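Enquirer: Sharing a structure, written as structure tokens. Questions coming.
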Amino acid sequence: MIDTLCDRSEGKDIAVVGLYCDFLAQQEQSTAGILGAILKQLASRDRIPEHIRGAFQRAKREFGGRGLRLPDLVEILKKTISSLQRVFICIDGLDESTPKHRRGLLESLREILHVSPSTRVFLTGRPHIDDEIVKCLSNAARIDVIPTQDDIKSYLVMRLDGDTEPSAVNDELRADIMRVILAEISEM
Amino acid sequence: MSSGHQHVSGIINSFNVNSHNTVNIITETDAEGRQILQWLSPLEPQQRHQDVRNDRLDGVGNWVLETTEFRKWSDSEDGCVEPVLFCHGNPGVGKTYLR
């Protein structure tokens, strides 16, 4: 998704930023951790905006460089995003973050959208977080991702071609694998 | 992209992928700039993004880009439409690898 949006944004003042949530990185990927990563991507597009530089210099004088607190981070993010023409925020695997961090993130996104309505948010995740998203961001469009037969065929061909022991699969077995899996899936 | 680029220490990347499908590496040259970006976040999501790009199978899941939901979400520039698009699905259906 990031690549599609980047390609389409070429030559325009549009920023595409994102993060992949990882079950194993739940600690770093707190609400503030995720928003910090997004702000960093926005800040590194061009010259670092003066309001970010100013916040850093102030933090440096206090207690030898304190980190940003979530409310301050959200404020800086809102200011940064509203100075840009358009921002796409993509967050993959939202179900891999903890419910608490997810809640904080969705609420922050809601605040950002309120200030910068041209912002677009792309989220992926398992269906069980649907309720949380709707509750927090009432205006969300949804797509149920179900691979098509062609998607599955391409994937099977790729996996069979990449088999590290090609001698173990002859043409007949290969044809069987394709036939049986595709038939099973079409019945699901 | 030359491999040497990736090994320059302290380099800061962002997701700017141009039409030649190479990732532009934006380097914040001044020392304070590097400190600021590190202060904002130690995370480097572009590394994971590069892995996803490399493993992605072209064409798979592209139907999502043709849906009315996606088009409305990405093309409209005002605040009237739904600004959030949620692609949901079970593990392994390819949500991460949507192009």
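Enquirer: For helix A:70-82, what angle does its Cα long axis make with the longest principal axis of chain A, in degrees from 0 to 90 and rounded to 10?
Expert: Computed tilt is about 80 degrees.
Enquirer: Exposure proxy check: B:Tyr97, A:Tyr20 ranked by fewest other beta carbons within 10 Å? Provide the component values of the computation, followed by the final result.
Expert: Values: B:Tyr97 17, A:Tyr20 21.
Placing the least packed residue first, the sequence is B:Tyr97, A:Tyr20.
Enquirer: Measure nothing fancy, just the Cα-based angle from helix A:99-115's long axis to the longest principal axis of chain A, in degrees from 0 to 90, nearest 10.
Expert: With rounding to tens, the tilt is 60 degrees.
Enquirer: What does the charge count near A:Thr98 come to, summing +1 for each Lys or Arg and -1 for each Asp or Glu among other residues with Cβ under 15 Å from its Cβ?
Expert: Numbers: positive: A:Lys100, A:Arg102, A:Arg103, A:Arg126; negative: A:Asp22, A:Glu28, A:Asp95, A:Glu96, A:Glu107, A:Glu132.
Neighbourhood net charge equals -2.
Enquirer: Highest first, please rank the peptides A:87-98, A:129-140 by the mean number of other Cβ atoms sitting within 10 Å of their residues. Working shown, then result.
Expert: Numbers: A:87-98: 22.2, A:129-140: 15.3.
Highest to lowest by the protection proxy: A:87-98, A:129-140.
Enquirer: A further question on this structure: Determine the relative contact order of segment B:37-99: mean sequence separation of Cα pairs under 8 Å and six or more apart, normalised by residue count, in whole percent.
Expert: Dividing the mean separation by the residue count of segment B:37-99 yields 41 percent.
Enquirer: Which residues in segment A:9-38 place their backbone N less than 12 Å from a point set 7 Å from the Cα of B:Glu77 along the Cα-to-Cβ direction?
Expert: A:12-14
Enquirer: Quick one: of A:Lys100/A:Lys153; A:Lys12/A:Lys153; A:Lys78/A:Lys135, which pairs are farther than 32 Å apart, Cα to Cα? Let's see the in-between values first.
Expert: Values: A:Lys100/A:Lys153 39 Å; A:Lys12/A:Lys153 36 Å; A:Lys78/A:Lys135 21 Å.
Table pairs above 32 Å Cα-Cα are A:Lys100/A:Lys153; A:Lys12/A:Lys153.
Enquirer: Also, I was wondering about something else. By how many degrees, between 0 and 90 and to the nearest 10, does the Cα long axis of helix A:31-43 differ from the longest principal axis of chain A?
Expert: With both axes taken from Cα atoms, the answer is about 80 degrees.
Enquirer: Using Cβ contacts closer than 10 Å as the measure, can you line up A:Asp163, A:Asp151 from fewest to most? Don't jump to the answer; show the numbers that get you there.
Expert: On the way: A:Asp163 11, A:Asp151 20.
In order of increasing Cβ crowding within 10 Å: A:Asp163, A:Asp151.
Enquirer: For B:Glu32, A:Glu187, which order do you get if you count the other beta carbons within 10 Å of each Cβ and list the fewest first?
Expert: On the way: B:Glu32 14, A:Glu187 5.
In increasing order of surrounding Cβ atoms, one gets A:Glu187, B:Glu32.
Enquirer: What percent do you get for the relative contact order of chain A when only Cα pairs under 8 Å and 6+ apart count? Intermediate values should be presented prior to the final figure.
Expert: Numbers: 169 pairs, mean separation 41.8, N = 188.
Computed over chain A, the figure is 22 percent.
Enquirer: Which distance in Å, rounded to a whole number, links the C-alpha centroids of segment A:116-188 and segment A:34-62?
Expert: 38
No value in this document is a laboratory result; all are computed from the given coordinates. Everything numeric here is computed off the predicted structure, so don't read it as measured data. When we count neighbours, we look across all protein chains shown, and the Cβ atoms used for this are built from the backbone with ideal geometry, even at glycine.
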